[in-house]
Amino acid sequence: MEVNNTNLANQIQDPTKSPSGLKILWKEIVRDKLALVSLILLTLITVFVYGIAFVLDQDEIVRVDLFAIHEPPSEEFILGTDYGGRDIFGQLIIGTRNSLSIGFLVTAISGIFGIAFGLIAGYFGGYTDNAMMRVLDFFQVLPFTMLVIVFVSIVPNYTILAFSIIMAAFNWMGIARLIRSKALQEKELDYVQASKTLGTSHTKIIFREVMPNISSLIIVTMTLNLAANIGIESGLSFLGFGFPESTPSLGTLLSYATNPQTLEYRWWIWVPAAILILVMMLMVRNVGEALRRATDARQRRG
Amino acid sequence: MAILKVNDLKVYFPIKAGIFNRTVDHVKAVDGVSFSIEQGKTYGLVGESGSGKTTTGRAVIGLESIYSGKVMFNGKDITNFGRKNSALRKDVQMIFQDPYSSLNPRKRILDIIAEPLRNFENLSMQEEKKRVQSLLEIVGLSPESILKYPHEFSGGQRQRIGIARAIAVRPKLIIADEPVSALDVSVQAQVLNFMQDIQKELNLTYLFISHDLGIVKHMCDDIAIMYKGRYVEQGTTADIFNNPQHIYTKRLVSAIPDINPRNREKQYHFRQEVQREYANSYNDYFDSEGLAYGLQPISDTHLVALPERG
Amino acid sequence: MWKFIVRRILITIPQIILLSVLLFLLAQAMPGDALSGLVDPNVSLEQKNALREKLGLNAPWYEKYGEWASGLVQGDLGQSFRFKMPVSDLIEQRMINTFWLSLATLIITYIIAIPLGILSGRYNDTILDSSITGYTYIGFATPLFIFGLVMLWVFGYQLQWFPTSGSVTPGLEPGSFEYVLSKAQHLLLPAISMALIQTVSTVQYLRSEIVDTKQREFIITARAKGASESRVYNKHILRNSLLPIAAFFGYEITFLIGGTVFVEMIFGFPGMGQLFIESILLRDYSVVNAVVLIFGIAAILGALLSDIILSLVDPRIRIK
């Protein structure tokens, strides 16, 4: 009996015994070579970009230098300069950092709101769900790009946070819809009913009982959203409605290519930024897709 | 005094249709059910699936909203009491049918069993842990299990965890919704006997919902048979098994398998006879919609759904 | 079923009203009002205020909304203060251009999507399928504006197969054959660029739909009865998979709208998207408002249309 007990205790010490969704997802990523490489590369880019941007002097980079306009790549300027004589490489680093930051921020804001919205609609169901879904339908049919641009152009105190909130305000519907349909299924399960009979409040049941059970879906969706949001941000910056020009984004560099001269003859200004956006979005997507396959498979198994 | 008294309980689910989704009709899941349970007794609710027995149980504890009727607990009205009166809620707990879905897979056993304690009692971490460990001991599981997750247990063990959770705040009434039907037959008796043990120990009252007459006979003091949302027959266990009056009850009782092979022939003929009677006298026992009539007393304890003799 | 349609239409009306209220409130928040477009900037403040009072610009917002909305219903979209002309006149030609661009994009999208989706679904898990899946995978991760830039660079500047901006070569007689040809030529590159990106979701949907249908009982029955492979595909699988796809075009409108803004900017195509960006930059807000309103209504009606068609095609949807 005693032997048995120590045995049990040992098992309890072993953390891998717990069915944590995070750990399972992590295992799946390690198994999927493409996703693993993507994740490593992504981490490297992130660390590199944030590290260098920390050392770089942003004012130095965005200062106009009329003696070095449109320099092709050279030893002094690794990737040349733009029409204001500003170093492209430095802008690329800072732009990547800014794009990543805003991607994370928008994903977080829209994610938190969308998850809460979806959980509440799905958990309560009935009239609540119906009313909330009509609101969601309305937001979903709005012309997203245009409304964001209009808002961006009329907001007086325009900051990174304001920009993120505007983007998130028109971008939470996808995840909300997904979470809602999952919550609708989940709330029928007995453990939710049990919590009700045990006197647990609705808020606690929603966020402490149901939410942990759909955490893998949340992680997968948030990852895929991150890729999309990086793309959307750079698109808006490309049109000139992301950051102001003094805060470079990857989209800002691409927007120089709307000048036919730049597009045709000065590839060093826009091609690296284009490649970087593509690579980052693909990598994030690889990770997200691997996670999605993992959760799908788990659902199929039981 | 009766601990639970249910009076003319009706649970209707709306059928919606039309452009504005108006309610056009109702599904009468429970249609006028009345009963009362004495402290310390076990009251069995029997019926086929869809008969409304589970809905009755869920309505009593507040998981379904009640269309009309009254539920009295210890003399207090708890009809649709929802989440308002936590003192009453604490006294009524539930054991669920499926031990696999009734325990949150993402929570440790400690957190699962402590959930009602956290809602109703202010315990320190240490006290709470002790309580959970002693509860685990009561249900026959190792107190070291508190840090494990539900998937590390067998179905029978999980149901014991569910029971430990239900008795954690020392309730007076437990609604057991088919507590063993998802378990292997070998484990069923174990869990049932254990339920009887803690009933004596804690002076519990059970509302025992089941489709299995054999189990009900073993567990219950009083039994009600439900069919299509209505009572067909109600009485003591002896009334129902020795003197079934309604044709539907007779059919159910005759269908209980007998393990003695020498009675096989006898059983067979008995079943044939009941089946014939069922076919012949169906219209005497059910109204034009195929529903049971109102209950008529035939003794102090025994009620049967028969048309009023005029 | 008509109940579903009526209910669906009833949802559309508040959507359109809500959209117009939202846009109206946005317009109120925008710097400047209708007056700034009408009068000389040198007029004194008092005179302006008097004029404002006279024009009803100081009325509460709901009164102004009522007036604005009744103007909208009569087709009055307001005045462009930049171009000093009614917005509706300004928009007309742009709208026609964008309409043709969108239509071309939709057609090309389906021309690409249907064969690719069918091939990929029919021969799933072959090399052909994995290369199509690879294309959709990368296409999903590629932002339209980058792809558009690359297309313009390659086919417009390097290979010079297509014109690099405008909607028609200047100086051609409208209505002549050359004119139409030139229009089509200007349309093609932006439309292809947009279609190649937009098509990926349709290809993926069609593929999974076909793979799904292939394993359904009635297909297995058809095979068991000895129907030829091509008959199984043409008669059974495609009919079940293509109809929903066809109905999706209404939803695509929402994506098209986002797409036109980028594509028209990149290819210098004089449509609504370009007008929108130009007007925002010029702070010509009455034009901005009109464009967003028209696009918004188009998206709402598109979704309505798709929902109705889908409900006719797929009875499962009606239950909800």
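Taken together, the values in this text are just the output of simple stated rules run on the coordinates, not laboratory data. What you are looking at is a predicted structure, and each value in this text was computed from that prediction instead of being measured. As a convention, Cβ positions derive from the backbone with ideal geometry for all residues, glycine included, and neighbour counts pool all protein chains shown.
When DSSP beta bridges are limited to those with both residues in the protein assembly as shown, what percentage is antiparallel, rounded to the nearest 5? If you can, show how the numbers build up before the last one.
Working: 35 of 53 bridges.
Here the share of antiparallel DSSP bridges comes out near 65 percent.
Suppose each label sits 7 Å from its Cα in the direction of the beta carbon; what would the A:VAL135-C:ARG7 distance come out to in nanometres?
A separation of 2.1 nm, rounded to one decimal place.
What angle do you read, to the nearest 10 degrees and between 0 and 90, between the alpha-carbon axis of helix C:249-266 and the longest principal axis of chain C?
60
Sort out for me the Cα centre separation of the range B:97-153 from the range A:216-235, rounded to whole Å.
Result: 38 Å between the Cα centres.
Quick check on my link table: of A:LYS33/A:LYS182; B:LYS41/B:LYS129; B:LYS53/B:LYS217; B:LYS28/C:LYS3; B:LYS76/B:LYS172; B:LYS28/B:LYS217, which ones sit more than 23 Å apart, alpha carbon to alpha carbon? Spell out each step's value before the answer.
Numbers: A:LYS33/A:LYS182 29 Å; B:LYS41/B:LYS129 31 Å; B:LYS53/B:LYS217 17 Å; B:LYS28/C:LYS3 26 Å; B:LYS76/B:LYS172 14 Å; B:LYS28/B:LYS217 28 Å.
In this structure, A:LYS33/A:LYS182; B:LYS41/B:LYS129; B:LYS28/C:LYS3; B:LYS28/B:LYS217 exceed 23 Å between Cα atoms.
Take peptide A:182-193, look around each residue's Cβ out to 10 angstrom, count Cβ atoms belonging to other protein chains, and average those counts. Could you put the intermediate results ahead of the total?
Working: counts 0, 0, 0, 0, 0, 0, 1, 7, 12, 14, 3, 8.
Shielding by partners across A:182-193 averages 4.
Taking the Cβ of each residue in C:TYR137, A:TYR50 as the centre, tally the other Cβ atoms inside 10 Å and list the residues starting with the fewest.
On the way: C:TYR137 17, A:TYR50 14.
So the residues, fewest neighbours to most, are A:TYR50, C:TYR137.
Take the Cβ-Cβ distance between C:GLU217 and C:ARG283 as r, set R0 to 51 Å, and report the resulting FRET efficiency rounded to the nearest 0.05. Don't skip to the end; give the middle numbers.
Details: r = 62 Å, r/R0 = 1.21.
For C:GLU217 and C:ARG283, the calculated efficiency is 0.25.
Would you please state which residues of the range B:205-224 a label at B:PHE241 would reach in this model, taking the label point 7 Å out along Cα→Cβ and a backbone N cut-off of under 14 Å?
So the set is B:212-224.
Taking 56 Å as R0, compute the FRET efficiency from the Cβ-Cβ separation of C:PHE83 and B:SER142 and round it to 0.05.
On the way: r = 83 Å, r/R0 = 1.48.
Efficiency computed from Cβ-Cβ geometry: 0.10.
Give the calculated FRET efficiency between C:ALA29 and C:PHE177 to the nearest 0.05, with a Förster radius of 45 Å applied to their Cβ-Cβ distance.
Working from the Cβ atoms, E equals 0.40.
Against the longest alpha carbon principal axis of chain B, how many degrees, from 0 to 90 and to the nearest 10, is the axis of helix B:185-202 turned?
70
Label points 7 Å out from Cα along the Cβ direction at A:ILE40 and B:ASP197: separation in nm?
For A:ILE40 paired with B:ASP197, the spin-label model returns 5.6 nm.
List B:HIS26, B:HIS269 from most exposed to least, where exposure is judged by having the fewest other Cβ atoms within 10 Å.
The fewest-first ordering by Cβ neighbours comes to B:HIS269, B:HIS26.
Among all the aspartates and glutamates, which ones have a C-alpha under 18 Å from C:LYS214's C-alpha, if same-chain residues fewer than 8 places away are not counted?
C:ASP125, C:ASP129, C:GLU229, C:ASP314
Which GluC sites (Glu not before Pro) does the range B:32-102 hold that lie in a coil by DSSP with at most 11 other beta carbons within 10 Å?
Numbers: sites: B:GLU38, B:GLU48, B:GLU64; in loops: B:GLU48, B:GLU64.
Of the GluC sites (Glu not before Pro), not one in the loops of the range B:32-102 has a Cβ with at most 11 other Cβ atoms within 10 Å.
Which length gain, in nm to one decimal place, applies between B:SER154 and B:GLU289 when the Cα-Cα distance is subtracted from 0.36 nm times their residue separation?
On the way: separation 135, 0.36 × 135 = 48.60 nm, distance 4.43 nm.
Residue separation times 0.36 nm, minus the Cα-Cα distance, leaves 44.2 nm.
On average, how many beta carbons from a partner chain sit within 10 Å of the beta carbon of a residue in B:165-173? Kindly include the intermediate steps, with their values, before the conclusion.
Working: counts 3, 3, 0, 1, 2, 0, 0, 0, 0.
Per residue, the average neighbour count from other chains is 1.
Give the shape of the range B:118-214 as rounded, prolate or oblate, defined through the alpha-carbon gyration tensor: a ≥ b ≥ c are the square roots of its eigenvalues, a/c under 1.5 means rounded, and otherwise the shape is prolate if a/b is larger than b/c and oblate if not.
Numbers: a/c = 2.18, a/b = 1.39, b/c = 1.56.
Here the range B:118-214 falls in the oblate category.
Work from the charge dipole of the protein assembly as shown (Cβ charges, +1 for Lys and Arg, -1 for Asp and Glu, about the Cα centre) and give the residue of A:GLY114, B:VAL180, B:ALA255 farthest towards its positive end.
B:ALA255
Which whole-Hz ³J(HN,Hα) couplings does the range A:187-193 yield from phi under the Karplus relation 6.51 cos²θ - 1.76 cosθ + 1.60, θ = phi - 60°, glycine and proline marked x?
5, 7, 6, 5, 5, 6, 4
Highest first, please rank the peptides B:289-300, B:169-180 by the mean number of other Cβ atoms sitting within 10 Å of their residues. Spell out each step's value before the answer.
On the way: B:289-300: 13.8, B:169-180: 22.5.
Per-residue mean Cβ counts within 10 Å order the peptides as B:169-180, B:289-300.
Take C:SER70, C:SER167 and order them by how many other Cβ atoms sit within 10 Å, fewest up front.
On the way: C:SER70 10, C:SER167 24.
So the residues, fewest neighbours to most, are C:SER70, C:SER167.
Using only atoms on other chains, find how many Cβ atoms lie within 10 Å of each Cβ of peptide B:103-109 and report the average. Could the numbers behind the result be given before it?
Working: counts 3, 12, 6, 13, 5, 2, 0.
Counting other chains' Cβ atoms within 10 Å and averaging over B:103-109 gives 6.
Using label points projected 7 Å from each Cα along Cα→Cβ, tell me how many nm separate B:MET125 and B:ILE256, to one decimal.
Inter-label distance under the simple model: 5.2 nm.
Would you please state which residues of the range B:45-69 a label at B:THR23 would reach in this model, taking the label point 7 Å out along Cα→Cβ and a backbone N cut-off of under 15 Å?
B:64-69
Quote the charge dipole size of chain C about the Cα centre in Debye, to the nearest 20; the model charges only the Cβ of Lys and Arg (+1) and of Asp and Glu (-1).
On the way: 24 positive and 23 negative charges, 267 e Å.
Dipole about the Cα centre, nearest 20: 1280 debye.
Classify chain C from the C-alpha gyration tensor, please: rounded if a/c falls under 1.5, else prolate or oblate depending on whether a/b exceeds b/c. Can you show the working numbers first?
Values: a/c = 2.99, a/b = 1.66, b/c = 1.80.
Oblate shape, in that a/c is at least 1.5 and b/c is the bigger or equal ratio.
Can you list the aspartates and glutamates whose alpha carbon sits under 19 Å from that of C:LYS84, skipping same-chain ones fewer than 8 residues off?
C:ASP33, C:ASP40, C:ASP76, C:GLU92, C:GLU278, C:ASP284
Would you mind checking the tilt of helix B:155-167 against the longest principal axis of the Cα atoms of chain B, expressed as 0 to 90 degrees and rounded to 10?
Result, in degrees: 80.
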